[in-house]
1. Relative to the present Cα-Cα distance, how much length would full extension add between Leu21 and Ala40 at 0.36 nm per residue of separation?
2. Using modelled amide H (1.01 Å from N, peptide plane; none on Pro or chain starts), what sits under 5 Å from the amide H of His247, excluding residues fewer than 5 places away?
3. Once you order the gyration tensor axes a ≥ b ≥ c over the Cα atoms, which shape class does region 1-131 get: rounded for a/c under 1.5, otherwise prolate or oblate by comparing a/b with b/c?
4. Note down the net charge around Ala139, summing +1 for each Lys or Arg and -1 for each Asp or Glu among other residues with Cβ under 15 Å from its Cβ.
5. Beta carbons within 10 angstrom, averaged per residue: use that to sort the peptides 148-160, 226-238, 41-53, highest first.
6. Arranged by the count of other C-beta atoms within 10 angstrom, fewest first, what order do Ser255, Ser95 take?
7. With a sphere of radius 12 Å drawn around the Cβ of Arg123, what net charge do the other residues whose Cβ falls strictly inside it have (Lys, Arg +1; Asp, Glu -1)?
Amino acid sequence: GEALAVSARVAPLGSRLVLLLVEDLTEARRIEAVRRDFVANVSHELKTPTGALSLLSEAVMDASDDPEAVTRFAGRMQIEATRLTNLVQELIDLSRVQNDDPLEDAEPVRVDELVAEAIDRSRHTASTKQITMAAGGTADLYVWGNRGQLAAALGNLVENAVNYSPARTRVGIAGRRIAAPGGGGTSQAFGPGGLIEIAVTDQGIGISEKDRERIFERFYRVDPARSRATGGTGLGLAIVKHVAASHGGEVTVWSSEGQGSTFTLRLPEAGAVRDRASAGRDPV
Ligand code: ADP
């Protein structure tokens, strides 16, 4: 009687184990496929500028008696070389945010400094397009995290806002502190404590609902030609998403096609995280 009862209990456990194993294998296969796709994408992205450079250098040699053509080809070589440099730099950034634990050298980071840095990075492009950038609400806000990674994330959002907007529009950056959803709330991303929200709003081309689901994937671009024209690599938002997640935060997008987009970064507040960490260490 007892053996029967035991086997009756073990049998469903066994089938559940098999199911878990199958799910594990499927997950392993999915990860392998993602990895293979990534390598294929990187190879393709590297081939485009290196192929162009090789053709252009041949063209330069053939045009040695035509100084005007040489100058023209050299200019295009410079563009391709810059593209290659950008791609390699973004790949290094991506691998860094994927492999380094950002909280190992985390510190309270001033939001107004992050914003000033991000604006600085896009100042040149913005001024050639007569785009005004304005920030507000960022005073006295502190987020908890890796300064370099947070700066890269916000910098990418502002850069995109400028790149995907027409001339004479406005890019706004707004900071605010919000109470965390916390216990019983709907968001899984946060524990108790305050949250800092940094929203980057543009009056640009916008993003369709279908594309909004995919833009955070590595190398996904709505319009590859447009992205390339602005020096884009298709890796920026993948970096932003990774940085947000590894900091215990999130990035979300709201957009209306033809009207503009808002990308919102939500990150744990410095004070709240510190309080929580020290509360956890206190003997009960
Ligand atoms: P890229 O280097 O191409 O800008 P990202 O990963 O930063 O790569 O963005 C992926 C794609 O998402 C872009 O190619 C663009 O199509 C779209 N995108 C990103 N930000 C915006 C924005 N603010 N407005 C409209 N489209 C955007």
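Every number here is computed from the coordinates shown, using simple stated rules; none is lab data. Because the structure is a prediction, the values reported are computed rather than measured. Positions of Cβ are backbone-derived with ideal geometry, glycine not excepted, and every protein chain shown enters the neighbour counts.
1. Residue separation times 0.36 nm, minus the Cα-Cα distance, leaves 4.0 nm.
2. none
3. Values: a/c = 5.23, a/b = 2.00, b/c = 2.62.
It comes out oblate by the Cα gyration axes.
4. -2
5. Ranked by mean Cβ neighbours within 10 Å, highest first: 148-160, 226-238, 41-53.
6. Final ranking by Cβ density, sparse to dense: Ser95, Ser255.
7. -1
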